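Report on the structure given below.
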Amino acid sequence: MGANGSKNPPPSPYRWIVLGTFMATSIVAQMLWLTFSSLPPCGTAVLCATADNVTLLTAIYPLVFVMISIPTGMFIDLKGFRPSVLLGAVLLAVSGALRPFSTSFPLLLAIQGVGAVGQPFILNSISKLVRTWFPASEVATATGLGTLSIYIGLALGFGLTPVLAATWGTLGMFEAYGAFAVLAFVLFALAGREGPHPGAAGETTSLRAIFGMLRIRNVALLSALFFAGIGVFNSFATYVQPMLGARGVSADTAGELGGIMIIGGIAGALVISLIADRYHTLRRPLWVCVAVAVGLWALLGIGYGVVEESIVLLALGFFFMAALPLGLELSARSVSTSAEGAANAVVWEFSQVGGTIMIFSFDAVGLSMGWTVTFFLAAGISLAMLAAGLLLRTE
């Protein structure tokens with residue numbers, strides 16, 4: 001009811017169009033990021049000349065994210081989600097459009113870095129967009145859809161890149177991705193409007209206040225959860241071949257099983273978010289997701305046939321990856337509406353740091369103790385995540 005006793009107007013159907021155009025920019029961000037992880041080192045003369053450095057083209061995205069995530073969150077809270085996503089989409093479009101014209105590795109790395117700067121402006125805007133456009137009864141679902149776009153982009157980055165490169169050549173694949181990036185920018189520029197809810201922008205948070213958010217129990221706990229959860233996911237994505245190879249899975253099949261996990265994550269991000277909205281709770285679904293993941297990681301360590309492992313990985317993606325949108329929305333609900341971008345930036349910041357540290361940790365354990373042990377390491381980390389999650393306060 002409004003202040004005068006009248007009913008609040010129903011939410012605008014246009015909110016779904018805005019969310020859809022946002023999802024397009026998010027998908028493109030992941031595709032541009034993972035382009036080089038699925039290509040042979042000598043896909044082009046530029047790459048072949050410095051094959052040992054090609055990993056920098058992928059690593060530059062999380063490295064840049066760590067450096068600018070917090071300032072990006074401050075910008076989002078000050079300006080609102082439209083200017084932020086628009087800026088990110090512009091940078092991704094420029095990066096995607098210029099990559100086919102790279103004549104040297106340093107130039108290609110610099111162009112890739114332009115896209116890396118754009119990514120945090122998009123990912124850190126999810127909660128701001130949702131709370132600006134969607135009613136309280138739909139925020140978990142909308143956040144789940146926004147996060148689902150990340151998983152779709154990951155799947156396309158891993159799966160579509162080698163197909164296009166084999167069909168059109170690496171240069172043709174670059175041109176296609178550049179066209180996708182420009183199209184996503186145009187769509188958002190035309191349709192991505194600022195939302196109708198007041199108080200969505202116009203205030204900013206100081207760096208001191210942002211780091212002071214870690215004194216808020218939920219933000220501190222969620223930062224730890226993101227550190228561990230994204231760290232485990234990134235480690236598995238990086239070492240999927242040796243980890244599953246230790247269970248007798250071939251390299252080609254291991255990549256396919258990794259894709260099955262992402263498909264499960266796409267479904268879980270949507271279904272679990274719908275359940276969270278249906279029962280008006282975020283903590284309980286989060287607990288269930290992490291608790292189930294503990295057992296599934298352990299099952300992978302025990303090892304079965306390819307069919308059984310496919311089922312386990314599908315379920316693991318469904319539950320483990322579905323925790324991400326729940327955590328993002330819970331972090332936004334734990335602070336004022338003027339600091340949602342900053343809160344998302346804090347947990348994303350810890351996720352990228354964890355993603356880097358955990359990769360080295362899993363590598364050390366896998367090489368010294370055997371890659372099978374890393375599944376039980378993932379189960380143990382997930383168990384610690386569950387213990388931390390049980391301390392979260394009600395939203």
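What follows draws every value from the coordinates through simple rules; no lab data is involved. All of these numbers come straight from a predicted model, not from anything done at the bench. Cβ atoms come from the backbone with ideal geometry, glycine included; neighbour counts cover every protein chain shown.
See the values below:
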item	result
Two-site label geometry, His280 and Leu56: point separation in nm, points 7 Å out along Cα→Cβ	5.4
3J(HN,Hα) from dihedral phi, the range 219-231, Karplus parametrisation 6.51/-1.76/1.60, rounded to Hz, x for glycine, proline	5, 5, 5, 5, 4, 5, 5, 5, 3, 6, x, 5, x
Whole-Å distance, taken between Cα centres, linking the range 218-232 and the range 168-194	32
Spatial extent of the range 12-192: Rg and Dmax, with the Cα atoms as the point set, Å	16.3, 54
Shape call, the range 215-395: gyration tensor on alpha carbons, a/c limit 1.5	prolate
Extension gain (nm, one decimal) between Ser37 and Phe101, 0.36 nm per residue minus Cα-Cα	21.1 nm
Whole-angstrom gap from the range 59-81 to the range 315-385, using each part's C-alpha centre	18
Phe188, Phe75 arranged by Cβ crowding within 10 Å, fewest neighbours leading	Phe75, Phe188
Residues Phe22, Phe174, Phe227 arranged by fewest to most Cβ contacts within 10 Å	Phe227, Phe174, Phe22
Environment charge of Gly144, counting only residues whose C-beta is closer than 13 Å and scoring Lys/Arg +1, Asp/Glu -1	-2
FRET efficiency for Ser137 and Ala191, using Cβ-Cβ distance with R0 set to 22 Å, rounded to 0.05	0.40
Residues Arg215, Arg131, Arg193, sorted so that the one with the fewest Cβ neighbours within 10 Å comes first	Arg215, Arg193, Arg131
Added length on full extension, which subtracts the Cα-Cα distance from 0.36 nm per residue, Ala388 to Ile311	25.0 nm
Shape call, the range 54-98: gyration tensor on alpha carbons, a/c limit 1.5	oblate
Karplus 3J(HN,Hα) series, Hz, for the range 360-375 with 6.51 cos²θ - 1.76 cosθ + 1.60 (x for Gly, Pro)	5, 5, 5, 4, 5, 5, x, 6, 8, 10, x, 5, 4, 4, 5, 5
Prolate/oblate/rounded label for the range 92-202 (Cα gyration tensor, a/c 1.5)	prolate
